[in-house]
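Engineer: One structure coming up, written as structure tokens, with questions to follow.
The values are calculated or read from the model by the stated rules, or taken from the named source; none is laboratory data. All of these numbers come straight from a predicted model, not from anything done at the bench. So basically every Cβ, Gly included, is an ideal-geometry build from the backbone, and we count neighbours across all protein chains shown.
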Amino acid sequence: MTSPSSQAASIPAHVPADLVESFPLVMGQYSAENPFARIVPEACKGPDVAYALDIVPGGGSAWILRRKEDLHALYFDTEHFSSKGYSSFAKFIGETWNQVPTELDPPEHTLFRVALNPLFSPPKMMKMEDDIRHRARHLINQFKDRGSCELMGDFAFPFPVAIVLDLMNLPQERMDEFRLWEHMMLHTGEFSVLQEGARLVTTYLRGVIAERKKNPGEDLISYAINAKVDGRSMTDDELIGYAFNLYIGGLDTVSANIGNQLRYLAEHPEQQQYLRDNPAAIKGAVEEFMRVFAAVTTFRTCIKETTIRGVTIKPGDKVATCTTLAGRDGEAYDNPHEVIFDRNAPHVSFAVGPHFCLGVHLARRELRIALEELLAALPAFSIEPGAQIESQLGGIIQPKILPLRWNV
């Protein structure tokens, strides 16, 4: 964290003082309360466009948008905003690659999406249904007769992470180590720790890429090595950016959503019972959960001066794509803080436009199957009495642990 004096000194002259605020959803911060119960609703209050202090990983401030309409427009606006290097992971370790395709702009981004979209197409993901369900059942069978579990460690983390490790053909036995590196990058406020995490991941993935060039397989990394982008092979920097993006995207986001969704159901037994009685409603419930518990924030950089709701955004300014705020926008949704399973309202939690989530069809399938299998296998569950549940804020919001119990 920076000091108040250094924060003030870093505020650009064109930023109106009345739009500057301290924002609670900051990477490296933790809360002993459920952030979606009070902190997130409070964060939704304030100017439609505000300048939030010290929310950029590695240090720095950024504009935040509280209206879904504005975030939706930002995702499409590649004339004024760039995705290049928004995470700064490469920069933090003295390198220059971008995550592929998330840190690329059109038309370059389009060329890579054309090459990579087949990997995560709906038909391809449909073929994984049985394997995903088998993975979920295998994990649940290990704790369902105990009468309790720590959901994050027993299921929410290993379930989607194991699937991604399989797709990348990375060793399952190193899952805990891989998750530690991811945690160093995404859930710490200490720059030196973030930097070391990025260095460890990059070094490891470079070794994997070198090995796959010699001994290619059927995995996602081998696919990229052999793929053609606009008639050419990917460069070494593009390959590391692609592998890094798979690693970051696969080791945290689905886990966070499973944790947030199961915490809600554990705290709302009537809603839990409704989904048990109406399993066909689970697919719609996943979308409503994605809206109301939107957990991810990334960034864009302004490259051409523009205005949003009359507020001037200048080149070099960062803008946070805080889906958490957009999902709770009272102008876009009636009773935005309530979970209504049949709301059937569009959301931007997977982004929209050119950067619509590459792995969305896998993520939705994992989330649906997780709910289906947990509700089918476990009787009514609740949070362990007296449990102290700390949640991570900013970047990706999620409970660190989630102790559940049920009668056996």
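Engineer: State the number of residues belonging to segment 272-291 that are closer than 17 Å to PHE36 by Cα and exposed (fewer than 15 other Cβ atoms within 10 Å of the Cβ).
Structural biologist: Counting residues in segment 272-291 that are closer than 17 Å to PHE36 by Cα and exposed (fewer than 15 other Cβ atoms within 10 Å of the Cβ) gives 0.
Engineer: What number of residues within segment 24-42 are assigned to a loop (DSSP other than H, G, I, E, B), among the hydrophobic types (A, V, I, L, M, F, W, C) and at pLDDT 90 or above?
Structural biologist: Total satisfying the criteria: 3.
Engineer: Out of LEU362, LEU367, report the one residue that is under 19 Å from TYR264 (Cβ atoms) and at pLDDT 95 or above.
Structural biologist: None of the other options fit; the residue is LEU367.
Engineer: Then there is this: Scan segment 166-178 residue by residue and report those that are free of Cβ contacts under 8 Å to residues at least 60 places away in the same chain and either assigned to a helix (DSSP H, G or I) or touching a helix residue (DSSP H, G or I) at 6+ places or on another chain (Cβ under 6 Å) (or both).
Structural biologist: ASP166, GLN172, GLU173, ARG174, MET175, ASP176, GLU177, listed by residue number.
Engineer: Confirm whether TYR75 is surrounded by 14 or more Cβ atoms within 10 Å (Cβ to Cβ), modelled with pLDDT of 95 or more, under 22 Å from PHE289 (Cβ atoms) and not β-branched (Val, Ile, Thr).
Structural biologist: When the stated conditions are applied, TYR75 passes them.
Engineer: In addition: Look at ARG133 and say whether it is of a type outside the set (Ser, Thr, Tyr), surrounded by fewer than 21 Cβ atoms within 10 Å (Cβ to Cβ), farther than 30 Å from ASP236 by Cβ and touching a helix residue (DSSP H, G or I) at 6+ places or on another chain (Cβ under 6 Å).
Structural biologist: The answer is yes for ARG133.
Engineer: Let me ask another. Can you name the condition, by its number, that ALA73 falls short on among (1) under 25 Å from PRO346 (Cβ atoms); (2) in contact with a Leu (Cβ under 7 Å, 6 or more places away or on another chain)?
Structural biologist: Of the numbered conditions (1) under 25 Å from PRO346 (Cβ atoms); (2) in contact with a Leu (Cβ under 7 Å, 6 or more places away or on another chain), the odd one out for ALA73 is (2).
Engineer: Here are GLU305, GLU270, GLU288: which of them is acidic (Asp, Glu) and either within 26 Å of VAL26 (Cβ to Cβ) or touching a Phe, Trp or Tyr at 6+ places or on another chain (Cβ under 6 Å) (or both)?
Structural biologist: GLU288 is the lone residue from the list that is acidic (Asp, Glu) and either within 26 Å of VAL26 (Cβ to Cβ) or touching a Phe, Trp or Tyr at 6+ places or on another chain (Cβ under 6 Å) (or both).
Residues checked against (1) under 23 Å from HIS361 (Cα atoms); (2) among the β-branched types (Val, Ile, Thr); (3) surrounded by 18 or more Cβ atoms within 10 Å (Cβ to Cβ):
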| position | (1), (2), (3) |
| --- | --- |
| TRP97 | no, no, yes |
| VAL100 | yes, yes, yes |
| HIS109 | yes, no, yes |
| VAL114 | yes, yes, no |
| LYS124 | yes, no, no |
| SER148 | no, no, no |
| LEU167 | yes, no, yes |
| LEU170 | yes, no, yes |
| LEU186 | no, no, yes |
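Engineer: Right, here's the next one. Could you list all residues from segment 200-225 that are farther than 23 Å from LEU186 by Cα and either among the small types (Gly, Ala, Ser) or touching a Gly at 6+ places or on another chain (Cβ under 6 Å) (or both)?
Structural biologist: ALA210, GLY217, SER222, ALA224
Engineer: Could you pull out every one of the helices (runs of 4 or more DSSP H) wholly within segment 179-297 that has 3 or more residues that are at pLDDT 95 or above, farther than 24 Å from VAL161 by Cβ and touching a strand residue (DSSP E or B) at 6+ places or on another chain (Cβ under 9 Å)?
Structural biologist: In segment 179-297, there are no helices (runs of 4 or more DSSP H) which contain 3 or more residues that are at pLDDT 95 or above, farther than 24 Å from VAL161 by Cβ and touching a strand residue (DSSP E or B) at 6+ places or on another chain (Cβ under 9 Å).
Engineer: Let me ask another. Of all the residues that make up segment 43-59, how many are touching a residue at least 24 places away in the same chain (Cβ under 8 Å) and either in contact with a Gly (Cβ under 7 Å, 6 or more places away or on another chain) or part of a loop (DSSP other than H, G, I, E, B) (or both)?
Structural biologist: Summing the residues that are touching a residue at least 24 places away in the same chain (Cβ under 8 Å) and either in contact with a Gly (Cβ under 7 Å, 6 or more places away or on another chain) or part of a loop (DSSP other than H, G, I, E, B) (or both) in segment 43-59 gives 10.
Engineer: Would you be able to tell me the number of residues in segment 356-390 that are small (Gly, Ala, Ser), farther than 21 Å from LYS127 by Cβ and assigned to a helix (DSSP H, G or I)?
Structural biologist: Matching residues across segment 356-390 total 2.
Engineer: Given the criterion charged (D, E, K, R), crowded, with 23+ Cβ neighbours inside 10 Å and over 15 Å from the mean Cα position of the chain (by Cα), identify the matching residue among ARG309, ARG368, ARG405, ARG300.
Structural biologist: Unique residue meeting the criteria: ARG300.
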